[in-house]
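Presented below is the structure to which this report refers.
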Amino acid sequence: MVGKIVLPPQEGKPSDVEEIKAESNYLRGSLAETMQEELSSGIPDWDNRLMKFHGSYLQDDRDQRLERERKRLEPAYQFMVRVRMPGGVATPKQWLKLDELSDKYGNQSFKITTRQTIQFHGILKWNMKKHMQELNSVLFDTIAACGDVNRNVMCNANPYQSNLHQEIFELSSKISEHLLPRTNAYYEIWLDKEKVVDTQEEQEPIYGSLYLPRKFKIGMAIPPANDTDVFSQDIGLIAVVENNELIGFNVAIGGGMGMTHGDTATYPQLARLIGYISKDKVVDVCEKIMTVQRDYGNRSVRKNARFKYTVDRLGLENVKKEIENRLGYEFEEARPYEFKHTGDRYGWIKGEDGKYHFTLFIQNGRVKDFDNYPLKTALREIALIHKGEFRFTGNQNVVIANVGSRSKKAIDEIIQKYHLTDSDNYSALRRNSIACVALPTCGLAMAEAERYLPSLLEKIEAIIDDNGLHDQDITIRMSGCPNGCSRAAMGEIGFIGKGPGKYNLYLGASHTGSRLNKIYKENIGEEEILASLRPIIEHYAKERLDGEHFGDFVIRTEYVEAVTDGRYFHNRA
Ligand code: SRM
Ligand code: SF4
């Protein structure tokens with residue numbers, strides 16, 4: 001029986017963002033006019049809040065801040081643009097456009113994100129409309145890539161389990177399409193109404209005019225790979241497969257990584273299982289879960305507005321019952337599953353249908369031509385002959401997917417010519433590393449991440465190599481601030497920026513993505529990071545049990561306590 005419950009009403013005055021949404025006329029605001037205004041290369045804050053729903057943020061180059069301040073110039077404003085790409089798939093033609101646009105309007109590079117899409121940086125206001133239109137020419141848009149709506153739906157990236165993967169990918173696209181805002185605003189502002197949809201649809205039947213209290217994220221994983229970090233999602237969907245056929249999903253709710261330093265009312269949390277559903281129900285289930293957050297999420301205090309806080313405030317069982325009320329049926333009991341890792345498996349793999357897939361390690365997801373490593377050029381050459389797709393992974397890597405046996409040879413030649421397999425020699429630690437963007441573009445960064453992690457890794461690798469652990473898979477993640485865009489709270493070794501050159505060091509997340517880490521040292525610089533890690537790594541090398549992962553070891557040997565619930569992330573369990 002579906003049980004009726006009465007959930008408490010929300011309290012408090014709506015936040016300023018709620019007012020901006022309410023007055024925006026379905027995300028229009030004054031964006032169209034503001035973008036044409038030529039006096040400043042920036043836009044006012046209220047328009048920037050709306051801009052997020054259009055997949056973009058106004059930023060400034062923080063490397064130039066002081067200098068420009070001294071010269072009394074306005075900050076070096078520029079836009080970040082995030083492409084909507086459910087399941088992270090781009091055709092070679094689309095890849096070539098991403099490559100071209102990053103040169104034409106951006107900073108000559110693009111960033112593969114932790115949610116399987118790409119971001120451009122450095123787009124000037126005057127070029128934004130052209131940029132959006134050119135993206136649209138290859139059928140990409142950016143709507144709902146950011147903002148208080150459902151974001152890019154993630155799905156397992158490597159298509160070697162051919163039919164199964166295809167089905168999951170199609171479902172992730174279906175969920176994404178179903179939960180897209182219906183407003184015409186995007187098409188009017190950026191595409192001159194090029195793509196007009198029925199205005200009846202503009203009523204936003206799912207969202208309403210206030211959209212969600214906060215961002216909302218959905219990810220799917222096919223065990224044993226947890227490459228989408230399924231428990232970090234607002235809704236995590238774990239594929240249940242029988243006889244190589246997808247039959248349904250275990251559903252987990254209320255995950256999220258963000259927190260604020262020093263505020264224990266904010267914390268990272270993992271999604272918790274509420275049951276099993278058959279695959280035909282998945283789109284509707286996602287909608288109903290999302291509407292519970294729409295109706296009960298905190299619209300007063302944005303830092304407590306994510307679904308994880310709604311679940312913890314109302315209670316998991318109550319939220320589950322409310323979802324069941326809306327569905328009109330109950331969840332079945334969750335089915336058994338086992339995850340083995342969160343990272344990607346590199347190199348070539350032959351799929352069940354005979355097609356080949358090459359997973360390439362891309363350090364921190366940055367695609368550009370580096371000195372002595374023209375990565376972007378190499379991938380462009382591949383795109384020119386590739387007939388399959390590029391699939392982005394949640395670990396900021398790329399899969400050159402669905403390659404026929406004849407094309408494989410030609411692609412392999414390019415891979416060899418540009419030494420793309422040199423990363424095979426990297427330590428397993430580096431190959432399991434993720435860093436968020438942070439400086440110089442991210443306005444919220446407290447410390448470096450993407451620009452610093454590679455050099456810190458060199459020093460940690462020296463310790464790793466001294467201890468014979470070169471090939472030991474250990475996940476390591478760095479975020480420039482506690483928002484946790486690299487999902488640092490789920491790294492077996494995690495760094496979260498505190499201030500310039502200073503990080504909190506966290507240890508003890510599980511290798512499979514099913515346990516958060518715990519603070520080990522606070523506010524430390526490089527010297528102390530290395531001094532802290534050295535004895536633990538030495539200890540691990542000597543006394544780990546057979547098959548024991550680093551995250552489990554540091555808990556067994558009591559360097560940190562296991563975090564059993566995000567609410568204990570800051571305190572004792
Ligand atoms: Fe994130 C905000 C970059 C994945 C949690 N994130 C930002 C902004 C937009 C900064 C801002 O608000 O001004 C960053 C832009 C930096 C820049 O210069 O480009 C930013 N987030 C990223 C990306 C690009 C990191 C990366 O290097 O890959 C990822 C883009 C994902 C995508 O394609 O959609 C990215 N962000 C994440 C993730 C990981 C995930 O979703 O799997 C998280 C943690 C999971 C979660 O949401 O809880 C994440 N980002 C945040 C938060 C904290 C949210 C919270 O609940 O408190 C913020 C700040 C906010 O929303 O106020 C944020
Ligand atoms: Fe910026 Fe912080 Fe996200 Fe890194 S974790 S991209 S510093 S918001």
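The values are calculated or read from the model by the stated rules, or taken from the named source; none is laboratory data. Remember, predicted model here, so these are calculated numbers, not experimental data. Virtual Cβ from ideal backbone geometry, glycine too; neighbours counted across all protein chains shown. Heavy atoms of the whole protein, side chains included, go into the accessibility calculation; ligands, DNA and RNA do not. Shrake-Rupley method; radii C 1.70, N 1.55, O 1.52, S 1.80 Å.
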task: Kindly check whether there is at least one residue in the stretch 134-148 that is within 16 Å of ligand 2 (Cβ to nearest atom), surrounded by 20 or more Cβ atoms within 10 Å (Cβ to Cβ) and in a strand (DSSP E or B).
output: no
field: strands (runs of 3 or more DSSP E) wholly inside the stretch 170-272 that include at least 1 residues being without any contact (Cβ under 8 Å) to a residue 12 or more places away in the chain
entry: 235-242
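From the residues in the stretch 286-309 that are free of Cβ contacts under 8 Å to residues at least 60 places away in the same chain and among the β-branched types (V, I, T), which one is nearest to ligand 1 (Cβ to nearest atom)?
Start the filter on the stretch 286-309 by keeping residues that are free of Cβ contacts under 8 Å to residues at least 60 places away in the same chain, which leaves 288-289, 292, 295, 303-304, 309.
From the residues that got through so far, the ones that are among the β-branched types (V, I, T) too are 289, 292.
Numbers: I289: 16, V292: 17 Å.
Taking the candidates together, the pick is I289.
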- prompt: What do you reckon, is D471 open to solvent by 20 Å² or more (accessible area, probe 1.4 Å), away from ligand 2 (no atom under 16 Å from the Cβ) and closer than 29 Å to G219 by Cβ?
  reply: yes
task: Could you tell me whether the stretch 436-448 includes any residue that is more than 17 Å from the chain's Cα centre (by Cα), more than 11 Å from ligand 2 (Cβ to nearest atom) and among the charged types (D, E, K, R)?
output: no
message: Restricting to the stretch 432-449, name every residue that is more than 7 Å from ligand 1 (Cβ to nearest atom), among the small types (G, A, S) and farther than 23 Å from F361 by Cβ.
response: A445, A447
- prompt: I496: over 17 Å from A449 (Cβ atoms), within 25 Å of the chain's Cα centre (by Cα) and either not charged (D, E, K, R) or not in a strand (DSSP E or B) (or both), yes or no?
  reply: no
- line: Of those in the stretch 257-280 that are over 18 Å from C485 (Cβ atoms) and crowded, with 17+ Cβ neighbours inside 10 Å, the residue nearest to ligand 1 (Cβ to nearest atom) is R272
Output for the stretch 60-105, where each listed residue is surrounded by 19 or more Cβ atoms within 10 Å (Cβ to Cβ) and touching a Cys at 6+ places or on another chain (Cβ under 9 Å): M80, R82, P86, G87, G88
task: Could you tell me which numbered condition E322 fails, if it satisfies all but one of (1) surrounded by 14 or more Cβ atoms within 10 Å (Cβ to Cβ); (2) not assigned by the TED database to the domain that holds V240?
output: (2)
message: It is to be established whether one or more residues within the stretch 62-81 are acidic (D, E) and part of a strand (DSSP E or B).
response: no
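What about T113, is it hydroxyl-bearing (S, T, Y), open to solvent by less than 10 Å² (accessible area, probe 1.4 Å) and within 13 Å of ligand 1 (Cβ to nearest atom)?
Details: hydroxyl-bearing (S, T, Y): yes; open to solvent by less than 10 Å² (accessible area, probe 1.4 Å): no; within 13 Å of ligand 1 (Cβ to nearest atom): yes.
For T113, the condition - hydroxyl-bearing (S, T, Y), open to solvent by less than 10 Å² (accessible area, probe 1.4 Å) and within 13 Å of ligand 1 (Cβ to nearest atom) - is not met.
Considering I464, I476, which residue is within 16 Å of ligand 2 (Cβ to nearest atom), in contact (Cβ under 8 Å) with a residue 12 or more places away in the chain and of a type in the set (A, V, I, L, M)?
Details: I464 fails: within 16 Å of ligand 2 (Cβ to nearest atom).
Sole residue among the options that is within 16 Å of ligand 2 (Cβ to nearest atom), in contact (Cβ under 8 Å) with a residue 12 or more places away in the chain and of a type in the set (A, V, I, L, M): I476.
Specify which of the listed residues (F331, F361, F390) is crowded, with 18+ Cβ neighbours inside 10 Å, in contact (Cβ under 8 Å) with a residue 60 or more places away in the chain, of a type in the set (A, V, I, L, M, F, W, C) and within 30 Å of T291 (Cα to Cα).
Result: F331 is the single residue among F331, F361, F390 that is crowded, with 18+ Cβ neighbours inside 10 Å, in contact (Cβ under 8 Å) with a residue 60 or more places away in the chain, of a type in the set (A, V, I, L, M, F, W, C) and within 30 Å of T291 (Cα to Cα).
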